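Have a look at the structure below before the remarks.
The values are calculated or read from the model by the stated rules, or taken from the named source; none is laboratory data. Bear in mind the structure is a predicted one, so any value in this text is a computation, not a measurement. Please note: Cβ atoms are built from the backbone with ideal geometry, for glycine as well, and neighbour counts cover all protein chains shown. All accessible areas refer to the heavy atoms of the entire protein, side chains included, with ligands and DNA or RNA removed. Shrake-Rupley method; radii C 1.70, N 1.55, O 1.52, S 1.80 Å.
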Amino acid sequence: MRKLAWAARGMSVVSGAVLLGALIAPSAVADNGPGSTADPSSSMAVGKKCGARDVSSAAPDFINFPDGVIFRVASDAQGHAFLNDSRNPGVWVNLGVLDNAPTCVIGTATSVTERNPGLLYITLLTQDGEQHQAVCTSDNTPFAPSTIVAACGTGFSLLPNTPVK
């Protein structure tokens, strides 16, 4: 019986040490992720993350567009959003150059109307639950860093009454 009591005391000491370590460790390994309270001036804030990466795409199904045209919108772990036009392979246009572009993007949605010229709708969801939308003219000119501002006119506008806040 004495050996069993001694083993039980030993286990409670080990369990207490593990619990204490778990309570102390989180502040030392803060990741600056969503909801982080880590000091933004610390060296860990350099790679600040806003959320998960996301991607969406839309393809016009219209006779005046070449087959295989796809518009893609993606966000990175730092919350930046980018647009790719398959007619301009390998070029990802930073949507941050548009007026009122949101930061900390965690979700993307894309749709395109069925005409040429048509409209490309880009909707971005931010970490705080707001949705921002840009409406861009899609035509025979591929989207590129030099054409995106003219194609998207006023840039992004906040969509009111977003239900995901």
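Of the accessible area of the stretch 86-165, computed with a 1.4 Å probe over protein heavy atoms only, carbon and sulfur atoms account for 54 percent. Of the chymotrypsin sites (Phe, Trp or Tyr not before Pro) found in the stretch 59-165, the ones in coil according to DSSP and having at most 16 other Cβ atoms within 10 Å of their Cβ are Phe62.
Take the stretch 52-165 with all the other protein chains still there, run a 1.4 Å probe, and you get 51 Å² of accessible area per residue. Assuming a ≥ b ≥ c are the square roots of the Cα gyration tensor eigenvalues, decide whether the stretch 117-165 counts as rounded (a/c under 1.5), prolate (otherwise, with a/b larger than b/c) or oblate. Note, shape of the stretch 117-165 comes out prolate.
With the convex hull drawn around the C-alpha atoms of the stretch 46-148, the volume per residue stands at 94 Å³.
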